[in-house]
Amino acid sequence: MQSNNQSRRILILGGGTAGWMTAMIMARHWQKQEVSITLLESSDIGIIGVGEGSTPALKQFFDMMDIREQEWMPACNATYKVGITFSQWSVKPGFESYFHPFKFRLDEQFSQAFFHSALMRRQGIEMPAHPNQFFLAPLLAEKHLAPLPHYNFPFEPAYGYHFDSALLGRFLKEKAQELGVRHKEGKVNQVIRSDSGHILSLLTEQGEQIDAELFVDCSGFAGVLMQKSLKVPFVGFESNLFNDAAVAIPSPPDSHLPSQTLSTAMKHGWRWQIPLTNRNGNGYVYSSKYCSADEAETELRSALGLLNQDVPARHLKMKVGRLEKHWHKNCLAIGLSQGFIEPLEATALFLVQQAAALFVDAYEKGQFTEQNQDAYNASISGYFEGIRDYIVGHYITSSRTDSPYWLDCQNNQQNLSDTLRHILDVWHSGGNLAEELRREHISRYYSPVSWHCLLAGTGTFPDPDKLRPPSPTDKQVNIRKIQEFLYRCSLNFDPQHQYLQQRNAEQMP
Ligand SMILES: Cc1cc2nc3c(=O)[nH]c(=O)nc-3n(C[C@H](O)[C@H](O)[C@H](O)COP(=O)(O)OP(=O)(O)OC[C@H]3O[C@@H](n4cnc5c(N)ncnc54)[C@H](O)[C@@H]3O)c2cc1C
């Protein structure tokens, strides 16, 4: 923030993960300038307190803040995550389960082989094209290994985390305050605006008036500033994504800590299993149009073997979609207040980070000009839509037929975006998907590896009886050699429970 501009006082409304992360990103960036950041929250309302998985972007956040894993991970009961297993999304033989990896540097050499094999199979030639055969991460996940290699392993790892979101919130709060962010308690019940519609100040139930030049709405699903006060319209994704509710139930931890999230398809949605050091987080994300909260809870309890046990369940409703504008007048929305896509790929915190970091950049360049705001809004909406399309891809390619929910998901072709339709057309017509994703600038949201894992992993190929064996002129991939190499690579990693134990012991005074 430039020293001669007016926006010296920033007020962030909301102390969930979005509020504190935004506060830290802004405080870090503008710490040498005279910018005062205050975060106002209401402990009566509290935070949503779910959201336990991340992408590798969270590592970048902690690196940027100079906070070491040794410090924050034990404080948040965190574990490493190398990717996600999608189980039972497809019923096609050989494709009942696949892994979506965070891409290691090492994977670059085999992704071309994977793309080639998948392309041949799409063109009707019998080739091994299951993603798990080509990447290291599924092997690490299968063996419960932490993604930190021995010192002589020459490839850089990529990983995300699992964590207790309430503990993460507390940790970030402390760190943000160390960076100079002021904390206030109070419930906002009135927003004062100027004739031009800009926000001037917030009034709390306790009678305090807080003025600022820039307001950041991190008030969660309540959407206090952008939706309720500034009346920025909400673009719902419900015609594409049916799930609007979730039920969460914890279970005891596994002794050999997994290093992956497990996403298992259920009758009316899917359930997550997220391993923390002290418990497993479990939740069933479903559509309330097809199943009641009681039915969902019973289905989840039954899957977890907790049918008659007195473990409390938490029920949540979700508003899926995004704001039409994320930055409007002198207000910015970040986190659940700006939009939400179901947590299938755990992208919410990534979006928080992107929204805050891109705002800082955009603001530095053009401040409050309309053109600058429009460019920012288009860019953030692009992220929401790019992620939405990838998530919708999971439903449209599922081959489950065991409930009206799954049939409706697959038959929902008419509501697909043009971009997703185009991706599926290229895939089915045997075109070069990687090139197409780059040409259309879609690979910034999900990479060619991710799209190939999804489409190949669910077995989106011609029927096996229509495949022909490769001819001598067809270039073939030596899958045995790749797997042997990956297996040898996996010997450079330790079991996650052992790695964490050793690291924590080294920390002891
Ligand atoms: C079922 C489910 C699963 C999820 N899983 C994941 C996941 O695996 N990975 C991931 O990255 N994300 C996930 N998310 C999203 C994640 O939980 C959120 O993005 C994250 O917690 C940030 O929330 P937030 O800070 O925007 O909102 P909240 O945590 O709800 O915080 C809102 C804040 O605003 C304050 N507030 C509201 N109204 C007022 C008022 N009038 N006055 C004062 N203060 C007020 C509240 O007190 C609170 O401090 C999931 C979400 C759901 C629903």
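The values are calculated or read from the model by the stated rules, or taken from the named source; none is laboratory data. For clarity, every value in this text was computed on a predicted model and none was experimentally measured. FYI the Cβ positions are ideal-geometry reconstructions off the backbone, even for glycines, and counts take in every protein chain you see.
Structure above, values below:
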item	result
Residue within the stretch 454-477 that is touching a residue at least 12 places away in the same chain (Cβ under 8 Å), among the acidic types (Asp, Glu) and farther than 18 Å from Arg121 by Cα present	no
Residues satisfying the stated conditions in the stretch 229-244, i.e. in contact (Cβ under 8 Å) with a residue 12 or more places away in the chain and over 25 Å from the mean Cα position of the chain (by Cα)	Ser229, Leu230
Any strands (runs of 3 or more DSSP E) falling wholly within the stretch 172-266 and containing at least 2 residues that are buried (at least 18 other Cβ atoms within 10 Å of the Cβ) and in contact with a Cys (Cβ under 7 Å, 6 or more places away or on another chain)	214-217
Subset of the stretch 269-289 [hydroxyl-bearing (Ser, Thr, Tyr) and touching a Lys or Arg at 6+ places or on another chain (Cβ under 7 Å)]	Tyr284
Residue in the stretch 349-366 that is of a type outside the set (A, V, I, L, M, F, W, C) and modelled with pLDDT of 95 or more present	yes
Residue within the stretch 142-154 that is without any contact (Cβ under 8 Å) to a residue 24 or more places away in the chain, within 29 Å of His100 (Cα to Cα) and assigned to a helix (DSSP H, G or I) present	yes
Leu416 vs. criteria under 30 Å from His144 (Cα atoms) and crowded, with 16+ Cβ neighbours inside 10 Å	no
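Conditions tested, residue by residue: (1) under 21 Å from the mean Cα position of the chain (by Cα); (2) not polar (S, T, N, Q).
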site: Thr22; (1), (2): yes, no
site: Ser42; (1), (2): no, no
site: Val50; (1), (2): yes, yes
site: Val82; (1), (2): yes, yes
